[in-house]
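S.K.: Structure incoming, see below.
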Amino acid sequence: MQIKKIESKKDIEKRERKNQLAIGLILISIMILSTAGYAFERTKQEKKIYKDVVFINDEKGFWTSEKLGTATKFLPQEVNGINGSILISKSSVQEKVFYFDAFSSNEFTAANEIASNLLPSKTQQVCIEGEENKEGCENLPIKSCSDERLGTYIFIFKSEENSTLNLEKKDNCLFFNGGEESLIKAADKFIFMINNVF
């Protein structure tokens, strides 16, 4: 049997201080390394440039541009090939009532993509004249594309599988047509068009 060495109170306190110091240094090192790692990770964000506009991929997967003040799911180079062009000014739609005709979840997502970049004064789901009997229109206001009193446009999202993705303007209506997944691309192309990226 081995006899344990007798330690003085001073030796015990010295050993405990050493242990506490070692643990303290380890905790401080962990805090410093984790802070440095977080800072390094933040600077490692993916950046893309289209023409002279810088886009940064944020933690939610959106491409943000400080210069344009936008956040989109796609980059300009990913939507440039979409058919159609809507030539209107940003001021004709920004900070105005955002009327939209959308009923499926992907149509709503595309509408939200545009609304979040336009900062409308009000958002209002509507039904288009001639489609009053469509399911979901029972309690919605009916708007006409030819109504000049609107003071803004009606955004109409139509998701039809196997249809050609395109953008089109007829009177006061802006049509976004395409398959379910491609409507967001059409919405992003519109955002880039009104910001003069193309």
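The values are calculated or read from the model by the stated rules, or taken from the named source; none is laboratory data. From a predicted model like this one, the values you see are computed outputs, not experimental measurements. Virtual Cβ from ideal backbone geometry, glycine too; neighbours counted across all protein chains shown.
S.K.: Quick check on this structure: which one of 91, 104, 121 is surrounded by fewer than 11 Cβ atoms within 10 Å (Cβ to Cβ) and either on the phi < 0 side of the Ramachandran plot or touching a residue at least 40 places away in the same chain (Cβ under 8 Å) (or both)? Give the steps one after another, and end with the answer.
M.R.: Numbers: 104 fails: surrounded by fewer than 11 Cβ atoms within 10 Å (Cβ to Cβ); 121 fails: surrounded by fewer than 11 Cβ atoms within 10 Å (Cβ to Cβ).
The match here is 91.
S.K.: Tell me, which strands (runs of 3 or more DSSP E) wholly within segment 148-188 include 3 or more residues that are in contact with a Phe, Trp or Tyr (Cβ under 6 Å, 6 or more places away or on another chain)? If you could, list the steps in order and put the result at the bottom.
M.R.: On the way: elements: 154-159, 166-170, 173-178.
It comes to 154-159.
S.K.: Then there is this: How many of the residues making up segment 88-106 are under 20 Å from residue 164 (Cβ atoms) and modelled with pLDDT under 90? Step through it out loud before you land on a result.
M.R.: Going residue by residue through segment 88-106, those that are under 20 Å from residue 164 (Cβ atoms) are 101-102, 104, 106.
Among the residues that remain, those that are also modelled with pLDDT under 90 are: 104, 106.
The number of residues fulfilling the criteria is 2.
S.K.: Among the numbered conditions (1) buried (at least 18 other Cβ atoms within 10 Å of the Cβ); (2) not assigned by TED's automatic domain parsing to the domain that holds residue 184, tell me where residue 66 comes up short.
M.R.: Against the list (1) buried (at least 18 other Cβ atoms within 10 Å of the Cβ); (2) not assigned by TED's automatic domain parsing to the domain that holds residue 184, residue 66 comes up short only on (1).
S.K.: Here is a follow-up. Residues of segment 124-139 being surrounded by fewer than 16 Cβ atoms within 10 Å (Cβ to Cβ) and not in a strand (DSSP E or B), which ones? If you could, list the steps in order and put the result at the bottom.
M.R.: Residues of segment 124-139 that are surrounded by fewer than 16 Cβ atoms within 10 Å (Cβ to Cβ), as a first pass: 124, 129-136, 138-139.
Scanning segment 124-139 gives 129, 130, 131, 132, 133, 134, 135, 136, 138, 139.
S.K.: A further question on this structure: Could you tell me whether segment 24-47 includes any residue that is on the phi < 0 side of the Ramachandran plot and in contact (Cβ under 8 Å) with a residue 24 or more places away in the chain?
M.R.: Among the residues of segment 24-47, not one is on the phi < 0 side of the Ramachandran plot and in contact (Cβ under 8 Å) with a residue 24 or more places away in the chain, which makes the answer no.
S.K.: If you don't mind, there's one more thing I want to ask. (1) surrounded by 14 or more Cβ atoms within 10 Å (Cβ to Cβ); (2) of a type in the set (Gly, Ala, Ser); (3) outside the structural domain of residue 188 (by TED's automatic domain parsing); (4) assigned to a helix (DSSP H, G or I): which one isn't true of residue 36, the others all being true?
M.R.: (1)
S.K.: Could you check residue 181 against (1) closer than 21 Å to residue 71 by Cβ; (2) of a type outside the set (A, V, I, L, M); (3) surrounded by fewer than 19 Cβ atoms within 10 Å (Cβ to Cβ); (4) modelled with pLDDT of 90 or more and say which number it fails?
M.R.: (4)
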